[in-house]
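Read-outs throughout are calculated quantities, based only on the coordinates presented, and are distinct from any laboratory measurement. Quantities reported herein were computed from a predicted structural model and do not represent experimental measurements. A quick note on method: Cβ atoms are made from the backbone with ideal geometry, for glycine too, and the neighbour counts reach across all protein chains shown.
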Amino acid sequence: MTDLSQRQFTTPEGLILVGDVAGPPNGPAVVLLHGGGQTRHSWTGAMRRLVERGYFVVNYDARGHGDSDWSPVGDYSLPALASDLCAVLSTIDVPTALVGASMGGMTSFYAIGSADRRIADALVMVDIVLRPAAAGAEKIRSFMTSHRNGFKDLAEAADAVTAYNPDRPRPSDPAGLMKNLRLREDGRLHWHWDPRLMDARPSAEPPSFANELETVSRHVTIPTLLVRGGHSDIVDDEGVAAMCRLVPQTEVFEVPGAGHMVAGDRNDAFNDGVLAFLDRHLPTR
């Protein structure tokens with residue numbers, strides 16, 4: 001992506017969000033929102049495909065993640081994250097789709113459902129429903145609340161990731177993990193996100209957001225795609241049925257062989273499904 005450039009967005013609280021933008025500014029826009037504990041780099045492959053298709057893409061680090069500011073008061077609630085998203089959307093004046101993974105999907109859904117006007121034209125929820133499976137939610141929480149003392153080296157961090165997702169092949173070179181790690185003054189590597197994220201109420205990670213999302217669900221009336229990992233432990237049949245009941249226009253696309261990190265597990269299949277949905281609801285031509 002030769003036209004990739006970095007951009008900063010300022011939230012109503014004065015926090016700086018750092019993102020990448022690429023693609024024709026006059027094309028329809030796609031805003032990418034990563035999951036909790038991730039950064040905008042998780043969307044590299046998807047962003048490339050979207051730009052090639054002619055979309056203007058905004059891909060930013062959520063507050064408390066990556067290169068964006070941390071909240072000085074530890075506010076990582078859904079209303080705070082939704083407010084940040086609206087600040088980003090205020091810089092876009094073309095038809096827009098929101099594509100959010102896990103925390104990013106919840107943020108997008110809540111922002112759409114709680115807004116007093118139409119803020120997006122299509123929504124893609126990546127392996128997240130309004131009420132996720134309890135076992136999978138606990139697995140995420142356990143991973144994100146462990147290792148608060150960091151890691152002695154990259155190999156130890158890679159061990160933790162492999163233990164969380166044993167079905168994904170361990171990379172031969174763990175150097176890519178440095179996009180999600182930072183060396184702190186204690187000499188240890190720490191995940192580059194604010195650990196207070198998991199203390200927020202309502203949380204931006206499962207399961208405590210469910211009531212808030214169900215409350216606003218009747219206001220989510222735009223075309224909606226639920227991308228489900230075939231091996232997901234977060235999205236089960238019961239969660240899909242509830243989502244389709246509360247948001248009846250929901251389309252479901254399953255990516256066989258993918259877990260919760262759908263785009264990372266089966267990137268090409270994920271991109272094909274999302275692009276087919278956008279071609280119908282937010283075409284570039």
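A few notes on this one:
- In terms of other Cβ atoms within 10 Å, ILE222, ILE112 run from fewest to most in the order ILE222, ILE112.
- Projecting the Cα positions of HIS281, GLY259, ALA158 onto the charge dipole of the chain (unit charges on Cβ atoms of Lys, Arg, Asp and Glu, taken about the Cα centre) puts HIS281 furthest along the positive direction.
- Largest GNM mean-square fluctuation among THR145, THR221, THR91, using the chain with Cα springs under 10 Å: THR91.
- Residue among ARG48, ARG266, ARG188 with the largest mean-square fluctuation in a Gaussian network model of the chain, springs linking Cα atoms under 10 Å: ARG188
- Euclidean distance of C-alpha centroids, region 206-285 and region 88-128, integer Å: 13
- Based on alpha carbons, the Rg and Dmax found for region 1-41 are 11.9, 33 Å.
- Burial ordering of GLU212, GLU185, fewest other beta-carbon atoms within 10 Å first: GLU185, GLU212
- Loop-located trypsin sites (Lys or Arg not before Pro) across region 95-180 with a Cβ neighbour count of 11 or fewer within 10 Å are ARG117, ARG118, ARG148, LYS152, with loop assigned by DSSP.
- Within a Gaussian network of the chain (alpha carbon springs, distance under 10 Å), most fluctuating of HIS65, HIS41, HIS260: HIS41
- Summary value for the chain: 20 percent relative contact order, contacts being C-alpha pairs under 8 angstrom separated by 6+ residues.
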